[in-house]
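Written out below as structure tokens is the structure these notes cover.
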Amino acid sequence: MKIHATTILCVKRGNQTAMAGDGQVSAGQTILKGNAVKVRKLFGGKILAGFAGATADAFTLLEKLEEKLQAFGGNLTRAAVELAKDWRTDKMLRRLEAMLIAADKEKIFLLTGNGDVIEPEEGIIAIGSGGNYALSSARALARHTSMDAATICRESLKVAAEICVYTNTSVTIEILD
């Protein structure tokens, strides 16, 4: 049974970084849960992290990211690179099926099991089944409105939920100001 994960969106605008995720967990054509929380704060509230993919795998990766943040004094860039390196080379970790977005006040990174650590050019990135819909909406709102990052996230997740059957309107938003 293939599990369709979610929609996670992160937007940095001005002094605000916001990350939003919907709450739907689906297996095939069945909604298993509608209010899952897939976005959280790490490292004493200084780092935002969101995941898409297999839940147990994502939690393992979040724990590893927290360990790397502790080891490198909260340096997100260094922690992200080291996690991606381990994720790609470790026999257990490389089997994990999830993607992460991690952000602090300065940077946003997409992390994958292929060793990718990608920083978006426009300060906007999304993952998951509705990620492209949320990304498109967020880019348009950022270019043509004066909305703050949190509002862009909220409105973009609504758009994604209207299009993607694996995304719902139960949205969790975390903010760094």
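Per-structure values
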item	result
12 Å beta-carbon shell around residue 22, net charge (K/R +1, D/E -1)	+3
Distance between the range 50-77 and the range 111-158 - C-alpha centres, whole angstrom	20 Å
Cβ-based net charge around residue 117, under 11 Å, with every Lys or Arg adding one and every Asp or Glu removing one	+1
Spherically averaged projected area of the range 78-177 from its Cα convex hull (nm²)	7.0 nm²
Packing-based ranking, highest mean first, of 131-142, 113-124 given that Cβ atoms within 10 Å are counted	131-142, 113-124
Inverse of mean 1/r across different Cα pairs in the range 1-81, Kirkwood, Å	13.8 Å
Cα-based Lys proximity count in the chain, under 12 Å, for pairs eight or more positions apart or on separate chains	6
As computed over the chain, the Cα convex hull volume per residue (Å³)	97 Å³
Semi-axis lengths, Å, the range 73-112, gyration tensor of Cα atoms, sqrt of 5 times eigenvalues	20, 11, 6
Relative contact order of the range 3-176, defined on C-alpha pairs under 8 angstrom at six or more residues apart (%)	33 percent
Signed unit charges on C-beta, dipole axis of the chain, positive-most listed residue 50, 101, 89	89
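Coordinate-derived values only; no laboratory data. Keep in mind it's a predicted model, so treat the numbers as computed, not measured. FYI the Cβ positions are ideal-geometry reconstructions off the backbone, even for glycines, and counts take in every protein chain you see.
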